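Q: One structure coming up, written as structure tokens, with questions to follow.
Read the figures in this text as sums done on the coordinates, not as results from a lab. All values reported here derive from a predicted model rather than from experimental measurement. We place every Cβ from the backbone using ideal geometry, glycine too, and count neighbours over all the protein chains shown.
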Amino acid sequence: MNHFEYHNGVLCAENVPLTQIAQEVGTPVYVYSRATLTRHYTVFADAFRSAGLDAKICYAVKANSNLAVIALLGQLGAGADVVSEGELRRALAAGIPPDRIVFSGVGKSESELRFALETGIHEINVESESEIRLLSRIAASMNVTAEIAVRVNPDVDARTHEKISTGRKENKFGIDIDRAEEIYALAASLPGLAPVTVAVHIGSQLTDLGPYRQAFRRVAQLVERLRSLGHKITRVDLGGGLGIPYDAENPPLPDAYAKMAAEEIAHLNCQVMLEPGRMIVGNAGILLSRALVVKPGEAKRFLILDAAMNDLIRPALYNGHHGLRPVKQPGADAPLMPVDVVGPVCESGDTFAKDRMLPLIEEGDLVAFGTAGAYGAVMASTYNTRLLVPEVLVDGDHYAVIRPRQTYEELIGMDRIPDWLQTGSKDHAA
Ligand code: LLP
């Protein structure tokens, strides 16, 4: 459920008409709903509580890392799963206490690891032998003990898009589960490390519990083997990845997911860490855009929007589907026609949807892409020197701009022309 509905013929975010946001902030713009974010987090947390698990929910900041979104979730009790020093700094800036932050990622630099240890975060999820050795050296030199999880690769097919599948042997992620005993022995033998957690994350946008169950079962078996070898494993980190409905998908509900997790791992009496991203924020956001041009092509009709692939890249990158609704409510019997919905960027890949059946949309009309709260604004770029897209958070009948639109001065002012390229300079001849 989300809070983007028509009221009096106009699509609203909670009680704010999107026409008002378009007029006051301009388009394109991402719009998030506080009520939906709150609801999704609460439903997820309640599901694990009801399943009887001691769960710590570390929101995967990469899905939507606006400080306001992180702060809101933090106030509801969420921790953060971060994958870079930048995300760690964001989580801290949003007020997430360090002891609720986990640091994941397949390649972390020495300075990132040092920063994480200085900050005193809850846990670092390591993914390679060299990272284990590096972290041990840094922790020992700082005289601290780093609680770590080893992220294992359980060799499970998540049955999702290949670009967001991470749990197969051929993927770059984690350490082969068959080598786990050897790796925990190594970690336990090195100074500065306390290997207390087994972590797993098999992919994103999973719409089936089967692969999860397989992965969690392998994790539980591993925990038992490790304990029998004397390791004090007190936590499991089950990652994120629960899918959401973009189109016709019918992903499992959090209750079923939590119940299944409990069936597989409750007997271990571990603390359970979770890293949901998309499930919390995906349906809590839309991308609001205006139709610039309606072009009746030779072969088909094009709707050219002021939003482009640089603002929302999922369709171009993953063939991702995002529902599209006109902001002005069409009549119940309005005829539908096939339209290619595209952006103004200079490549054919800048296509949001092909042959989408839509009611008549005219130049100047507003439209909203649904399910755009996750991996939308965070993946935006300034390609074609387009301004970074702004973000708005709605709360009931008011809203706040939580990231203003960039200005051309800010964007172009990032660049520097070296002295030796300045007109009249002779330096280059030296
Ligand atoms: N934990 C780890 C270790 C991850 O790598 C990810 C996502 C998550 C948690 C959160 O997964 P979620 O619950 O959001 O599915 N840009 C792609 C998705 C990339 C996901 C990367 N890792 C997309 O737009 O579909």
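Q: Rounded to a whole number, what is D in µm²/s for the stretch 11-122 from Stokes-Einstein with the Kirkwood radius over alpha-carbon pairs (37 °C, 0.692 mPa s)?
A: Answer from the Stokes-Einstein relation: 211 µm²/s.
Q: Run the quick spin-label model on Lys232 and Asp46: label points 7 Å from Cα toward the beta carbon, then report their separation in nm to one decimal.
A: Rounded to a tenth, the inter-label distance reads 3.7 nm.
Q: Where does each of 409-418, 367-376 land if you order them by average Cβ count within 10 Å, highest first?
A: 367-376, 409-418
Q: Tally Lys/Arg at +1 and Asp/Glu at -1 over every other residue whose Cβ is under 11 Å from the Cβ of Tyr6; what's the total?
A: Here the charged neighbours net out to +1.
Q: Could you tell me the ratio Rg/Rh of the stretch 192-319? Both radii from Cα atoms, Rh via Kirkwood.
A: Using only Cα positions, Rg/Rh for the stretch 192-319 is 1.18.
Q: Give me the orientation-averaged projected area of the Cα convex hull of the stretch 290-370, in nm², one decimal.
A: 5.1 nm²
Q: Let me ask something else. I want to make sure I understand the PRE zone here: with the label point 7 angstrom from the Cα of Asp355 toward its beta carbon, which residues in the stretch 285-318 have backbone N atoms less than 12 Å away?
A: Label zone hits: 300.
Q: Another question, if that's okay. Arrange the following residues from fewest to most other Cβ atoms within 10 Å of their Cβ: Thr145, Thr36, Thr119.
A: Result, fewest neighbours first: Thr145, Thr119, Thr36.
Q: Given the rule -39500 (n - 2.57) for each run of at least 4 DSSP H residues, summed and divided by the residues of the chain, what is its mean residue ellipticity at 222 nm, to the nearest 500 deg cm²/dmol?
A: Mean residue ellipticity, 222 nm, calculated: -8500 deg cm²/dmol.
Q: Hydropathy at least -1.0 by Kyte-Doolittle, axial extent at least 15 angstrom from the Cα trace: which helices of the chain, defined as entire DSSP H runs, fit?
A: Within the chain the helices that satisfy the rule are 34-50, 129-142, 209-228, 254-265.
Q: Another question, then. With springs connecting C-alpha atoms under 10 Å apart, model the chain as a Gaussian network and identify which of Asp365, Asp350, Asp333 has the largest mean-square fluctuation.
A: Taking springs between Cα atoms under 10 Å, the residue moving most is Asp333.
Q: Something else now. Hey, could you get me the Stokes-Einstein D for the chain, Kirkwood radius over alpha-carbon pairs, 4 °C and 1.567 mPa s, rounded to whole µm² s⁻¹?
A: After rounding, the answer is 56 µm²/s.
Q: Related question: What is the count of Lys pairs in the chain whose alpha carbons sit under 29 Å apart, if the two are 8 or more places apart or on different chains?
A: Final tally of qualifying lysine pairs is 28.
Q: Take Lys163, Lys328 and order them by how many other Cβ atoms sit within 10 Å, fewest up front.
A: Lys163, Lys328
Q: Need one number: the % of Cα-Cα pairs in the stretch 245-328 sitting beyond the 18 Å mark.
A: The calculated P(r) of the stretch 245-328 puts 63 percent of pairs beyond 18 Å.
Q: Take Leu253 and Gln75, extend 7 Å from each Cα along the Cα→Cβ direction, and tell me the distance between the two endpoints in nm.
A: Taking the simple label geometry, Leu253 and Gln75 are separated by 2.8 nm.
Q: Continuing with the same structure: So between Asn143 and Glu5, what do we pick up on full extension, going 0.36 nm a residue minus the alpha carbon distance?
A: Contour length minus the Cα-Cα distance gives 44.2 nm.
Q: I've got another one for you. What nm distance separates the two modelled labels at Gln23 and Asp176, each placed 7 Å from Cα along Cα→Cβ?
A: For the pair Gln23/Asp176, the computed spacing is 6.4 nm.
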